[in-house]
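The values are calculated or read from the model by the stated rules, or taken from the named source; none is laboratory data. Being a predicted model, the structure only gives us computed values, none of them experimental. FYI the Cβ positions are ideal-geometry reconstructions off the backbone, even for glycines, and counts take in every protein chain you see. All accessible areas refer to the heavy atoms of the entire protein, side chains included, with ligands and DNA or RNA removed. Shrake-Rupley method; radii C 1.70, N 1.55, O 1.52, S 1.80 Å.
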Amino acid sequence: MDFSLSQEQEMFREYIKKFLGDMEHTKIARDYIDNKTEHVKNILSDLKELGWTKLNIPEEFEGMGLGQLDLVPIMEEFGRVLLPGLHLETNALAVPLIERFGTKEQKQYFLKEIADSDLNLTVAWLEPGGSYKEQGIRLSGEVSQGQIILNGVKTQVPDLELAQHAIVPLRIHNEITLITVDLNTPGISITPQDNFAETRKLSMVEFEQVKVSAENVIGQIGDGWGMLQEGLLYYNAALSSVAVGAMEHIVEMASEYAKIREQFGNPIGRFQAIKHRLADMKLDLETARSLSYYANWAMETFSEDRIEAICSARIFATQAFIRLASHNIQIHGGIGFTEEIDCHLFIKQAKYYENYLGSIDQYYDLAINALNWTSQNSVQTEQPIMAHK
């Protein structure tokens with residue numbers, strides 16, 4: 001079975017790669033770290049004009065009607081330069097969620113705006129002292145006269161400066177429900193939070209008597225948890241591609257440095273210990289790439305093993321990303337810890353994704369249940385992934 005990308009997919013990758021190369025690769029991320037937000041917004045808007053946001057949006061909503069696999073080369077290039085922004089949350093999570101479960105009006109607005117304009121969505125999930133498990137969602141919503149009144153707090157919400165809307169999981173009648181919230185709605189207050197990975201800016205969002213139309217509910221009230229888990233399959237398949245792109249750049253960085261850094265009169269790349277480490281890094285990269293390609297194919301085709309395939313790709317790519325970024329710093333030695341070199345940006349990004357939108361342990365449990373490796377007495381997942389509709 002051939003999972004290699006098509007000629008058209010690779011050509012589109014080259015357009016994106018050239019654009020990001022002209023922008024000096026990780027300089028976009030460094031500008032975002034330096035709070036040059038408007039400059040970064042302009043770059044992201046120019047990048048959007050290449051048409052990549054239209055890829056997985058149906059043609060009836062001004063998209064190209066392509067699939068999950070077509071996002072793979074794009075996400076890899078974004079990962080290579082640590083591109084800041086909400087491309088994962090918007091195109092790899094919000095788009096499939098709204099396409100599959102949204103109303104006609106929601107599709108008409110969100111999908112067309114994502115395809116044609118600079119509209120982005122973030123995810124406001126985590127709560128103080130909570131987790132990415134179902135019981136961690138405590139934000140309450142009260143239905144009253146066609147409106148939902150929100151009261152509660154969300155924390156570590158990424159990149160609000162780049163978003164116009166948020167997907168918010170909350171409880172209505174003690175059932176998990178998904179809703180979209182315009183971030184300019186009265187009653188929302190935002191407090192910036194520190195983050196060790198500066199390429200993702202986090203904020204705490206407080207909802208105090210925030211009134212949102214009941215028409216903003218995605219799907220049906222009470223169906224939110226199953227829909228969210230289904231959306232995460234798309235998200236994690238794309239995230240594995242982002243990790244592969246970052247890992248590929250890390251291997252290139254480490255290999256190039258090993259050629260020019262000399263010790264005892266020889267490039268350190270000639271030493272057996274460095275050779276073995278670089279070989280192990282390359283092996284991790286290609287393993288992650290294979291798992292990522294299969295995961296995205298499984299998601300696009302709704303293969304029976306898509307859950308375990310995507311969980312496997314997410315787990316391995318996340319852990320390998322951390323491993324390679326750590327090796328890269330060690331190969332660079334003391335200079336690898338400095339701000340001038342990009343090594344620290346990659347290790348921080350790798351650690352950020354380790355527990356974002358779910359921990360490694362949660363994805364192990366999900367994969368084990370999908371493989372039916374649990375005994376009858378074992379604890380099952382909180383709610384099964386929704387069947388394909």
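Output yes when any residue across the range 316-323 is in a helix (DSSP H, G or I), on the phi < 0 side of the Ramachandran plot, over 17 Å from the mean Cα position of the chain (by Cα) and at pLDDT 95 or above, and no when none is. Yes, the range 316-323 contains a residue that is in a helix (DSSP H, G or I), on the phi < 0 side of the Ramachandran plot, over 17 Å from the mean Cα position of the chain (by Cα) and at pLDDT 95 or above.
Residues of the range 89-134 that are under 17 Å from the mean Cα position of the chain (by Cα), assigned to a helix (DSSP H, G or I) and farther than 23 Å from residue 314 by Cα: 114 alone. Set side by side, the residues 39, 25 differ, and just one is over 17 Å from the mean Cα position of the chain (by Cα) and free of Cβ contacts under 8 Å to residues at least 12 places away in the same chain, which is 39. Residues of the range 68-86 that are open to solvent by 10 Å² or more (accessible area, probe 1.4 Å) and not aliphatic (A, V, I, L, M): 68, 70, 80.
Considered as a group, the residues in the range 15-30 that are touching a helix residue (DSSP H, G or I) at 6+ places or on another chain (Cβ under 9 Å) and assigned to a helix (DSSP H, G or I) include one that is most open to solvent (accessible area, probe 1.4 Å), and that residue is 15. Taken together, the criteria place residue 65 among residues that are on the phi > 0 side of the Ramachandran plot, out of contact with any Phe, Trp or Tyr (no Cβ under 8 Å at 6 or more places or on another chain) and not basic (Lys, Arg).
Considering each of 308, 304 in turn, give the residue that is of a type in the set (Asp, Glu) and more than 21 Å from the chain's Cα centre (by Cα).
Numbers: 308 fails: more than 21 Å from the chain's Cα centre (by Cα).
Going through 308, 304 in turn, the sole match is 304.
Within the range 302-321, track down each residue that is open to solvent by 30 Å² or more (accessible area, probe 1.4 Å) and not aromatic (Phe, Trp, Tyr). Quick ask: steps written out before the conclusion?
So in the range 302-321, the residues open to solvent by 30 Å² or more (accessible area, probe 1.4 Å) come out as 302, 304-305, 307-308, 312, 316, 319.
Hits for the range 302-321 are 304, 305, 307, 308, 312, 319.
Taking residues in the range 114-126 that are within 17 Å of residue 55 (Cβ to Cβ), and partners anywhere that are open to solvent by less than 10 Å² (accessible area, probe 1.4 Å) and part of a loop (DSSP other than H, G, I, E, B), the pairs with Cβ atoms closer than 7 Å and at least 6 places apart or on different chains are 114/57; 115/57; 120/86; 121/86. Go through the range 145-202 and give me each residue that's open to solvent by less than 30 Å² (accessible area, probe 1.4 Å), touching a helix residue (DSSP H, G or I) at 6+ places or on another chain (Cβ under 9 Å) and either part of a loop (DSSP other than H, G, I, E, B) or of a type in the set (Asp, Glu) (or both). Matches in the range 145-202: 159, 163, 183, 197, 199, 200. When residues in the range 48-64 are screened for being of a type in the set (Phe, Trp, Tyr) and within 26 Å of residue 23 (Cα to Cα), 1 of them pass. Take the residues in the range 182-206 that are among the polar types (S, T, N, Q) and touching a strand residue (DSSP E or B) at 6+ places or on another chain (Cβ under 6 Å); name whichever of them is farthest from residue 353 (Cα to Cα). Among residues in the range 182-206 that are among the polar types (S, T, N, Q) and touching a strand residue (DSSP E or B) at 6+ places or on another chain (Cβ under 6 Å), the one farthest from residue 353 (Cα to Cα) is 185.
Select, from 283, 291, the only residue that is in contact with a Phe, Trp or Tyr (Cβ under 8 Å, 6 or more places away or on another chain), open to solvent by 30 Å² or more (accessible area, probe 1.4 Å) and aliphatic (A, V, I, L, M). Before the answer, list the steps.
Details: 283 fails: in contact with a Phe, Trp or Tyr (Cβ under 8 Å, 6 or more places away or on another chain).
Unique residue meeting the criteria: 291.
The residues of the range 324-364 that are of a type in the set (Asp, Glu) and touching a residue at least 60 places away in the same chain (Cβ under 8 Å) amount to a single one, 342. Taking (1) open to solvent by less than 10 Å² (accessible area, probe 1.4 Å); (2) more than 22 Å from residue 31 (Cα to Cα); (3) at pLDDT 95 or above in turn, residue 89 satisfies each apart from (2).
Looking across the range 206-235 at every residue that is over 27 Å from residue 71 (Cβ atoms), outside any helix (DSSP H, G or I) and of a type outside the set (S, T, N, Q), the one that is most open to solvent (accessible area, probe 1.4 Å) is identified as 208. For the range 322-338, a residue qualifies if it is open to solvent by 20 Å² or more (accessible area, probe 1.4 Å) and closer than 11 Å to residue 284 by Cβ, and the qualifying residues are 322, 323, 327.
Which of the residues that make up the range 31-65 are outside any helix (DSSP H, G or I) and either more than 16 Å from residue 98 (Cα to Cα) or touching a Ser or Thr at 6+ places or on another chain (Cβ under 9 Å) (or both)? Please lay out each step first, then the result.
Filtering the range 31-65 for residues outside any helix (DSSP H, G or I) gives 34-36, 49-51, 55-58, 62-65.
Residues satisfying the conditions are 34, 35, 36, 49, 50, 51, 63, 64.
Within the range 262-280, restricting attention to residues that are among the basic types (Lys, Arg) and surrounded by fewer than 16 Cβ atoms within 10 Å (Cβ to Cβ), the residue that is farthest from residue 327 (Cα to Cα) is 270.
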